[in-house]
Each structure stands twice: as C-alpha cells, then as structure tokens.
Amino acid sequence: MSATTHVTHWIGGGPVAGNGETAEIYNPATGVVSGTVDMGSAADVDAAVAAAEAAFPAWRDASLVKRAQVLFRFRDLVDRHRDELAALISAEHGKVHSDALGEVARGLEVVEFACGIPHLLKGGFSENVSTRVDSYSIRQPLGVVAGITPFNFPAMVPMWMFPIAIACGNAFVLKPSEKDPSASLLLARLWREAGLPDGVFNVVQGGKTAVDALLAHPWVRAVSFVGSTPIARYVYETGTAHGKRVQALGGAKNHMLVLPDADLDLVADSAVSAGFGSAGERCMAISVVLAVDPVGDALVDKIVSRVAALKVGPGDDPESEMGPLVTREHRDKVASYLDLGVSEGAKVVVDGRTAPVRGGGTAADTPGFWLGPTVLDHVPPGSRVHREEIFGPVLSIVRVPTYEAGVEVINSGEYGNGTAIFTNDGGAARRFQNEVEVGMIGINVPIPVPMAFYSFGGWKSSLFGDTHVHGTEGVHFYTRGKVVTSRWLDPSHGGVNLGFPTNG
Ligand code: NAD
C-alpha cells in the first residue's frame with residue numbers, strides 16, 4: 001500500500017470524501033504510515049443516514065426471494081475476494097494472512113446464514129384461536145440501523161451484523177474502526193456489485209464524533225456495537241437514552257480451566273494457539289490458564305517449549321505465525337503488564353520483548369509494533385494482571401488447588417465472554433457448563449465461538465443489552481414483531497359485545 005492511500009466514506013452507493021479531519025493509518029509491521037482515513041463529522045453521518053432512510057422503503061418492500069438473491073451474489077463475491085480482503089486486513093491490522101483469511105471465512109458463514117432469510121422470517125399461524133378467528137405473527141424491519149465495530153476483526157465483526165440486518169430489510173450504516181478501515185470499502189463495493197440498491201449499505205469512517213452523531217440521530221433505530229467495555233457501556237447508555245435498541249458487546253478476560261485428568265499436550269497446544277493467535281487481540285483469546293494442582297509445573301514446561309518455537313513476523317510473510325500489535329500505544333500498554341506482573345508477584349517465564357522477529361532483531365529493537373509471546377507464571381488471582389483485559393500476547397498462569405477454586409476465580413471476574421474447561425471427566429464438564437457465569441463455553445475447545453446459526457455474546461461486562469449477535473437472536477434484534485388477529489365476516493358475527501375478548 002502506498003503512502004497516498006486515502007480511505008473515504010461510502011454513502012448512497014459510492015465513495016464520498018470527507019471534508020474535515022483525517023487520521024493516519026499505520027502498517028504495524030513497519031510502524032510506517034500507509035495512508036489516511038476520513039474522520040466523519042455529524043454532517044457526514046447525516047448524509048449517510050439520509051441515504052439509508054431514502055433507500056429503506058423500497059428495500060423493505062423487495063421480496064424475500066429478491067433479497068436472498070442479492071445475499072447469494074454477495075456471498076459469491078466475498079468468496080472470490082477472500083485473498084484481497086485478507087491482504088487489506090493484514091496490512092492495517094498486522095495479523096498474519098492465514099488468520100485474516102480465517103476471519104473472512106467466519107464472516108462469510110453469517111452471510112450464508114442470512115441467505116436463508118425467507119425461512120428465518122417465517123411467522124407463526126394459528127387457525128381458529130376463537131371461533132372463525134385466526135392469529136398470526138410477522139416480523140418487520142426497523143428502518144436505518146447502525147453498526148460500530150472494533151479494530152481486531154475489520155471484516156468479521158461487521159459481517160456479524162450487516163448481512164442479517166440487510167436480509168431482514170433494513171438499511172445499514174457501518175462505522176468501522178479508524179485503525180483498519182480499508183476492508184469496509186471493499187465490502188461496500190462488493191455489495192454494489194451484488195446488486196444491492198444504493199443507500200442500503202453505507203460506511204461512515206471516523207471515531208467518537210461519528211459514533212456520537214449516530215447515537216443521537218433520530219432516524220437510527222438500532223445500534224450494534226462491538227469494542228471495549230467502557231465504550232460499550234457508554235454506547236448502550238447513550239443509545240438507549242435516545243430511544244434506540246442497542247446491543248453492545250464489550251471486552252473479555254477468558255480463562256481455561258485445566259483439570260488434572262486432562263491431556264496436557266492437547267491443553268498446551270490449545271493454550272498456545274488460543275493465547276497467541278492474532279497476537280492475543282481476540283475477544284475470545286485465552287488469556288488465563290487456571291491450572292488445578294498438581295498439573296501446573298508440567299503444563300508450564302509444555303507451554304514454554306511450544307512458545308519457543310513460534311515464528312513472529314510480518315503478516316505477509318507466509319512463514320509468520322504471529323504478527324505485531326495494532327499500534328505503538330497499544331504495544332506499549334500491553335508490554336507494561338510485564339513489569340506490573342513482576343511487581344505483583346508473578347514470574348516471567350517467557351519475555352516477549354526479547355523474542356526474535358523474522359527479518360528484524362528482537363521485538364524491542366525492530367521497527368514496528370512488536371511484542372513476542374509472553375508467559376507469566378504464578379500470577380496471583382485477583383491481581384491487576386489477572387483481572388484486567390490486556391488484549392495482547394500475554395498468557396497468565398494462575399495456580400488453583402481445586403475445580404471449585406477455579407470456578408470461583410472465573411465467576412468473580414468482571415467479564416463473562418468465553419471460557420473453556422479441559423478434562424476427560426464428562427461429569428465435571430457438565431457441572432462446569434452449568435455453574436460458570438459466562439456466555440460461551442468450550443469443553444476441550446479453547447475458543448468456543450458459536451457458529452453463525454447460533455448467537456454470539458457474553459455475560460456481565462462483556463455485553464450490555466439482552467440480545468446476542470447473529471443467529472436467530474440477530475434476526476430478532478433487527479426486526480419488530482406484530483401479531484395479527486383476523487376475522488373475515490360471516491353472517492354469525494354476533495353483534496355488539498363490550499366484554500373483554502376471550503376465546504370462545
Ligand atoms: P474500542 O472500544 O476502542 O473501539 C470500538 C469502536 O468504538 C471503534 O469503532 C471506535 O472508533 C469507537 N470508539 C472508540 N472510542 C470511542 C469513544 N470514546 N466514544 C465513542 N466511540 C468510540 O475497541 P477496539 O480497541 O477497537 O477493540 C478492542 C476491544 O474490543 C477489546 O476490548 C475487545 O475485547 C473488544 N471486542 C469484543 C468483542 C466481543 O464480541 N465481545 C469482539 C471483538 C472485540
């Protein structure tokens with residue numbers, strides 16, 4: 001990507017340049033500025049929402065089959081542009097190409113789910129709820145809906161939202177992360193090529209100014225948000241105060257509970273994959289291993305030997321398994337947890353600052369936003385390193401004496417996004433899924449991200465609102481229900497009756 005790349009908005013079916021502020025986009029592997037992005041103003045949001053509002057009536061009235069046909073074409077186009085999308089993601093986010101391809105694949109699954117919209121929007125029908133009276137339910141789109149998304153999945157997280165919102169007959173305004181905005185414009189172009197009418201899908205780039213304008217705009221009926229917990233809480237409170245339906249997914253701190261009967265090689269492979277994939281910048285990353293006595297020492301040895309073999313390097317190097325962090329500030333913040341951990345009593349068993357970077361020196365002295373995989377052992381439960389979301393390649397090992405103590409550690413945390421148990425004891429696993437206060441649970445599966453036809457969402461400070469994303473809850477979020485009670489007159493309608501309607 002050249003330094004002249006400029007990422008615009010997409011409004012009413014084509015690119016629209018902003019006329020206000022811009023922000024820089026970085027290549028995290030080099031630390032060099034690779035482009036700029038428009039930072040949307042309230043006027044830009046007004047223009048996008050107006051385009052969406054104008055496009056909504058015709059799209060709402062488009063037949064279910066016509067909408068599904070556009071979705072099928074979009075699915076095919078995204079499939080054919082997987083590599084291009086992954087390259088854009090990798091260049092701005094830093095994740096390795098294969099990982100970027102993975103996020104496109106998981107987003108595509110939601111498009112495939114939304115292709116079934118004629119079936120998903122079927123209502124119920126009851127004949128003869130009263131004598132010669134029928135009752136049926138229908139679900140209708142809301143109008144203009146918005147999605148505000150984080151940097152860590154610039155294609156997949158928007159695709160958790162807009163395929164279903166659009167399939168349901170809504171018009172959509174996406175506000176992507178300003179850190180890696182290019183994927184949003186390619187997706188917009190593919191929608192146009194798929195035959196989606198202009199204005200049904202719009203993109204406003206930017207940050208807080210654009211978000212605030214969306215949250216206050218009277219024509220925006222619903223907001224889906226994914227990002228950090230403080231902003232999720234703010235979006236939920238502000239959006240609902242403006243009368244909107246809001247689902248706001250926040251941060252996470254995901255624990256893997258390892259029982260003594262678990263297969264420790266499987267556990268070590270899983271912990272390293274789930275802890276360091278995408279440099280730990282995944283809301284479902286495993287960031288804490290809870291090792292139930294006496295497996296701690298043996299498990300740490302196995303984890304350390306695997307971490308030593310990981311290849312850290314630029315995302316476009318096919319040999320790299322883990323890329324850089326997204327920004328310099330974020331890298332510095334993540335790295336600061338090493339010293340904090342030591343001051344809290346943890347032991348650094350792998351120091352990511354000294355990790356070699358392919359084509360460079362160590363993480364600390366290579367240009368770009370590097371920090372290698374880091375393992376902290378004997379992290380005290382309840383310490384800041386244990387409690388806080390670090391969102392980077394730092395895996396904490398917490399030792400616990402029993403299963404019960406492990407569940408207590410998980411349930412006492414602020415977050416409830418994902419968790420996993422590793423055991424060969426079915427009874428323990430069943431008890432765990434029942435007792436743990438977390439929305440998504442893995443049993444011998446480290447990153448239990450639900451498939452598109454289930455819904456994704458955490459508990460506690462990992463989600464504000466009551467509806468999870470995609471799956472049938474997504475269809476529910478982007479539609480409103482109606483129930484029709486109908487009687488076609490016949491000669492025996494019975495005349496005036498002031499009593500409360502009952503079924504007779
Ligand atoms: P973030 O909260 O900084 O940003 C998310 C979005 O909010 C972006 O579009 C950003 O432009 C906007 N934003 C930022 N500051 C704002 C402000 N003050 N007012 C209004 N809008 C603002 O999150 P991020 O750093 O982009 O993403 C990482 C976070 O997202 C992590 O906490 C991670 O756990 C979380 N995440 C959660 C899930 C989930 O499903 N629960 C999924 C992915 C990421």
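Readers should treat all values here as calculations from the given coordinates under stated rules, not as data from a laboratory. The model shown is predicted, which means the values in this text are computed figures rather than measured ones. Here the Cβ positions follow ideal geometry from the backbone for every residue, glycine too, while neighbour counts run over all protein chains shown.
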As a footprinting exposure proxy, order Thr479, Thr149, Thr374 by other Cβ within 10 Å, with the fewest listed first. Thr479, Thr149, Thr374
Compute the long axis of helix 97-114 from its Cα atoms, compare it with the longest principal axis of the Cα atoms of the chain, and write down the angle in degrees, 0 to 90, nearest 10. 20 degrees
Relative contact order of region 254-443, defined on C-alpha pairs under 8 angstrom at six or more residues apart (%): 27 percent
Calculate how steeply helix 328-343 sits against the longest principal axis of the alpha-carbon atoms of the chain, using the helix alpha-carbon long axis, and give the answer as 0 to 90 degrees to the nearest 10. 60 degrees
Treating the angle as unsigned and between 0 and 90°, give the value, to the nearest 10°, between the Cα long axis of helix 182-194 and the longest Cα principal axis of the chain. 30 degrees
Which residue, chosen from Leu340, Ala55, Val45, occupies the Cα position most advanced towards the positive end of the dipole of the chain, where the dipole is computed from +1 (Lys, Arg) and -1 (Asp, Glu) charges on Cβ about the Cα centre? Ala55
Whether the chain is rounded, prolate or oblate, judged on the alpha carbon gyration tensor where a/c under 1.5 counts as rounded: oblate
Treat each spin label as a single point 7 Å out from the Cα along the C-beta direction, and report the Asp316 to Ala17 distance in nm. 2.5 nm
Under the 0.36 nm per residue contour assumption, what length would be gained going from the current alpha-carbon distance of Asp301 and Arg189 to full extension? 35.4 nm
What are the residues whose amide H is under 5 Å from the amide H of Leu174, where those residues sit 5 or more places off or on another chain and H is modelled from the backbone? Gly147, Asn202, Val203, Val204
Taking r as the C-beta separation of Arg132 and Lys66 and R0 as 51 Å, the FRET efficiency to the nearest 0.05 is 0.90
About the Cα centre of the chain, what is the dipole size in debye to 20, counting +1 per Lys and Arg Cβ and -1 per Asp and Glu Cβ, all else neutral? 1420 debye
Bridge orientation stat for the chain from DSSP, antiparallel percent rounded to 5, came to 40 percent
Modelled FRET efficiency - R0 51 Å, Val483 with Arg82, Cβ distances, 0.05 increments: 0.75
So what's the back-of-envelope 222 nm ellipticity for the chain, counting only DSSP H runs of four-plus at -39500 (n - 2.57) apiece and dividing by all residues, rounded to 500? -11500 deg cm²/dmol
Added length on full extension, which subtracts the Cα-Cα distance from 0.36 nm per residue, Asn424 to Thr354: 21.5 nm
For every other residue with a beta carbon closer than 9 angstrom to the beta carbon of Val223, add +1 if it is Lys or Arg and -1 if Asp or Glu, then tell me the sum. +3
Per DSSP loop assignment and a cutoff of at most 16 other beta carbons within 10 Å, the chain keeps its longest run without exposed chymotrypsin sites (Phe, Trp or Tyr not before Pro) at 220-452
Where in region 287-304 does the amide nitrogen come within less than 18 Å of the point 7 Å from the Cα of Asp261, taken along Cα to Cβ? 291-296
Test item: Cα-centred dipole of region 254-443, Lys/Arg +1 and Asp/Glu -1 on Cβ, debye: 260 debye
